[in-house]
1. Can we say Leu30 is closer than 30 Å to Arg14 by Cβ and outside any strand (DSSP E or B)?
2. Open to solvent by 40 Å² or more (accessible area, probe 1.4 Å), aromatic (Phe, Trp, Tyr), in a helix (DSSP H, G or I) and over 30 Å from Leu193 (Cα atoms): does that describe Phe52?
3. For the range 186-278, list the helices (runs of 4 or more DSSP H) that sit wholly inside it and hold at least 3 residues that are under 23 Å from Val71 (Cα atoms) and open to solvent by 10 Å² or more (accessible area, probe 1.4 Å); which are they?
4. Given the conditions (1) over 22 Å from Glu212 (Cα atoms); (2) touching a Gly at 6+ places or on another chain (Cβ under 6 Å); (3) not acidic (Asp, Glu), report the number of the one that Ile37 does not fulfil.
5. Could you tell me whether the range 370-391 includes any residue that is touching a residue at least 12 places away in the same chain (Cβ under 8 Å) and on the phi > 0 side of the Ramachandran plot?
6. Does Leu295 satisfy the criteria of being in contact with a His (Cβ under 6 Å, 6 or more places away or on another chain), closer than 30 Å to Asp65 by Cβ, modelled with pLDDT of 95 or more and not β-branched (Val, Ile, Thr)?
7. Can you give me the number of residues within the range 323-353 that are touching a strand residue (DSSP E or B) at 6+ places or on another chain (Cβ under 8 Å), open to solvent by less than 30 Å² (accessible area, probe 1.4 Å) and touching a residue at least 60 places away in the same chain (Cβ under 8 Å)?
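The values are calculated or read from the model by the stated rules, or taken from the named source; none is laboratory data. A quick note: this is a predicted structure, and the numbers were derived from the prediction, not measured. A quick note on method: Cβ atoms are made from the backbone with ideal geometry, for glycine too, and the neighbour counts reach across all protein chains shown. SASA here: full protein model, heavy atoms, side chains in, ligands and nucleic acids out. Shrake-Rupley method; radii C 1.70, N 1.55, O 1.52, S 1.80 Å.
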Amino acid sequence: MTQSPLKLSQALGRIQPSATMAMSGRVTELKAQGIDIIGLSAGEPDFDTPDFVKEAAIKAIQDGDTNYTTVDGTIAVKEAVAAKFLRDNDLTYAPSQISVNNGGKHTLFNALVATLDAGDEVIIPAPYWVSYPDIVNFAGGTPVIIKAGADQNYKITPEQLTAAITPKTKWLILNSPSNPTGAAYSGEELKALGEALLPHQQVMVMTDDMYEHIWYADFPFTTIAQVCPDLYDRTLTVSGCSKAYAMTGWRIGFSGGPEWLIGAMRKLQSQSTSNPSSISQAAAVAALNGPQDFLAERNAAFLKRRDLVVSMMNDTPGLHCPTPEGAFYVYPDASELMGKTTPKGKIIENDQDLIGYFLDEAQVAAVHGGAFGLSPAFRISYATSEDILREACTRIQRACAALT
């Protein structure tokens with residue numbers, strides 16, 4: 001490997017590669033070597049993009065819809081997003097209040113880079129999606145982590161939130177249902193957090209609702225601007241097509257928020273990526289405006305998988321696995337396994353050691369809790385077949401039983 005003639009930027013030095021993508025890459029390498037690895041690290045559905053969405057994309061290609069579009073989305077896709085927010089979340093946004101981007105990560109990146117300066121603080125509940133603190137760091141801000149363990153069902157309290165707010169606080173990021181835990185806030189829980197935020201006028205709220213349609217709770221999905229109307233002008237409501245519509249590779253994320261913020265995000269996007277793919281935008285219009293009945297069918301499959309994995313993890317020596325309300329992840333607490341010894345004599349000192357043990361001895365790939373800000377634990381994605389999940393969980397059970 002040749003040495004770069006340039007010194008890399010300080011901003012680049014403030015971030016780390018994605019741990020989830022790194023593990024997925026490792027799984028691909030091991031499978032290419034012929035090793036029987038079961039990969040449970042990837043955060044994407046195993047279902048295919050619906051046919052009616054594919055057909056809309058093909059039609060867009062055939063119709064020559066292959067030119068540049070408005071920077072942050074065509075009027076057609078913005079109207080589809082606005083209709084989605086009204087239908088699903090009882091929120092009204094004009095097209096000028098909507099930003100369409102190259103995936104949900106791009107949406108978050110635009111908002112944070114456009115608003116953060118050195119010293120600005122962003123409150124992030126942990127466990128968190130791996131990219132949140134890195135994007136904040138890249139933008140020059142300071143992540144302020146609030147930890148919420150399994151004893152709190154991985155959800156922060158209003159008291160914790162109040163204690164974390166300072167005059168430098170600029171954002172709170174809320175992810176419900178959560179990646180990596182699947183934990184989801186009820187309307188009442190969101191109202192309580194909203195009440196804690198109301199006196200602090202300088203604090204914006206970024207809600208990552210990417211998993212809103214993958215839902216199993218006995219209470220309805222709500223988002224904070226919906227249940228706390230006084231926070232509407234201080235909220236960026238973020239969602240996208242990736243998870244519910246199995247469109248991860250199409251790269252369409254979107255958000256609704258105040259015009260000043262959407263304008264700032266548009267300005268940044270105009271000098272970075274410009275518009276999302278015109279073909280993907282046409283597909284997103286079809287996804288958002290088309291039939292939604294397949295979502296319930298897929299949720300039923302996810303629910304069966306969730307129940308299988310939660311049951312088998314809780315039957316595993318040394319693991320405690322709360323039951324998620326949404327998404328397609330579980331996040332077992334592995335506290336009781338710390339300090340134990342593998343059959344080869346290695347001490348499990350942290351959850352990264354545990355995941356390495358699973359990979360080497362059980363041929364199961366998961367992601368260690370340290371990547372998500374709360375240890376000792378690990379994330380399993382159950383976006384695969386029941387047969388594969390049963391085999392993977394059996395391997396983990398054997399591996400844990402072999403620890404002494």
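1. No; evaluated as a whole, the condition is false for this residue.
2. Yes.
3. Ranges flagged: 259-270.
4. Tallying (1) over 22 Å from Glu212 (Cα atoms); (2) touching a Gly at 6+ places or on another chain (Cβ under 6 Å); (3) not acidic (Asp, Glu), Ile37 fails exactly one: (2).
5. yes
6. yes
7. So the count comes out to 7.
Residue-wise test of (1) in a helix (DSSP H, G or I); (2) under 19 Å from the mean Cα position of the chain (by Cα); (3) more than 25 Å from Ala148 (Cα to Cα).
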{"position": "Leu288", "(1), (2), (3)": "yes, no, yes"}
{"position": "Pro291", "(1), (2), (3)": "no, no, yes"}
{"position": "Asp307", "(1), (2), (3)": "yes, no, no"}
{"position": "Ser311", "(1), (2), (3)": "yes, no, no"}
{"position": "Pro317", "(1), (2), (3)": "no, no, no"}
{"position": "Gln352", "(1), (2), (3)": "yes, no, no"}
{"position": "Ile355", "(1), (2), (3)": "yes, no, no"}
{"position": "Asp360", "(1), (2), (3)": "yes, no, yes"}
{"position": "Leu374", "(1), (2), (3)": "no, yes, no"}
